Amino acid sequence: MPKTAAAAVYLYVLVHSERRPSLAGAPSGLPGTGPTRIIEAGPGLWLVAADAPLARYGEAPIAEGLKNLDWVAERALAHESVVRHFGRRRNAVPMRLFTLFSSDERAQEHVRQQQRRLRRVLARVSGCEEWGVRLFADDAVAPRPRVRDGAPDAGRRFLEHKRAQHRATRTVPAATVKAAQSMVRELGRVARDLRRHAVPAAAATNRMLVDAAFLVPAGSRPRFRAVLAKAASAARAQGVRVSVTGPWPPYNFVDQAS
């Protein structure tokens with residue numbers, strides 16, 4: 001269905017299903033968009049979409065909205081809820097936040113052009129969920145300079161300031177790095193796939209060592225969590241702090257198949 005100049009087609013997720021997905025119980029989606037609807041995109045392929053007014057989701061409004069973290073977070077959660085709903089019982093490829101096309105036909109053409117790649121992605125992520133794992137050097141277990149009892153407050157503040165500067169720049173102990181890498185390898189044996197993100201230079205201030213995503217078969221979730229708990233306990237003893245998020249739709253594995 002062609003869109004008017006006042007609206008675009010917003011895409012949430014590509015679903016692989018022999019039957020047309022039902023809209024029953026579907027979340028409302030992004031604020032200000034129309035109700036979710038289904039676009040046929042090829043044999044067994046369906047796009048979950050909505051009409052998005054350009055006054056709210058055109059290039060300029062989105063660019064302005066991206067400056068507001070609350071605005072982005074609200075829409076990211078709404079997008080995520082739709083992706084989760086349709087991906088819960090079906091094989092699906094989530095679309096990136098703010099994926100827009102000028103018409104249904106343009107969206108269908110995009111899927112046709114990418115069909116071989118998308119089917120490889122669908123095969124890769126079938127039955128899987130994504131888990132995010134970040135590992136940090138834990139300063140709580142690092143040696144700290146001793147402060148003499150009764151030292152003036154100014155002296156304490158000076159030492160605390162110098163300690164904070166030192167934490168942000170000092171070399172991470174080799175045992176801590178080794179423990180972090182060992183944990184990634186152990187988790188990777190349970191996962192179907194692993195993607196490691198480059199740690200930005202700015203992460204030196206929070207001592208991040210690893211930022212990774214794991215593609216885990218849903219049936220392997222108990223094993224993954226058990227390995228995670230055991231590995232995290234061993235890593236903590238070597239000065240590694242662990243942060244885990246998930247399960248998520250497999251966003252980080254959508255663009256890897258070529």
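The values are calculated or read from the model by the stated rules, or taken from the named source; none is laboratory data. Since the model is a prediction, treat every value here as computed from it, not as a measurement. Don't worry about glycine lacking a Cβ; one is built from the backbone with ideal geometry, like all the others, and counts go over all protein chains shown.
Results for (1) at pLDDT 85 or above; (2) in a loop (DSSP other than H, G, I, E, B); (3) more than 26 Å from P43 (Cβ to Cβ), shown as yes or no for each residue.
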{"residue": "R112", "(1), (2), (3)": "yes, no, no"}
{"residue": "H166", "(1), (2), (3)": "no, no, yes"}
{"residue": "V177", "(1), (2), (3)": "yes, no, yes"}
{"residue": "Q181", "(1), (2), (3)": "yes, no, yes"}
{"residue": "R189", "(1), (2), (3)": "yes, no, yes"}
{"residue": "R195", "(1), (2), (3)": "yes, no, yes"}
What's the number of the condition P35 fails, among (1) in a loop (DSSP other than H, G, I, E, B); (2) within 19 Å of P249 (Cα to Cα); (3) not charged (D, E, K, R)?
-> (2)
Candidates A49, A107, A76, filtered to the one that is crowded, with 17+ Cβ neighbours inside 10 Å and under 30 Å from G219 (Cα atoms) = A49
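Does L47 satisfy the condition of being assigned to a helix (DSSP H, G or I) and of a type outside the set (S, T, Y)? Before the answer, list the steps.
Values: assigned to a helix (DSSP H, G or I): no; of a type outside the set (S, T, Y): yes.
No.
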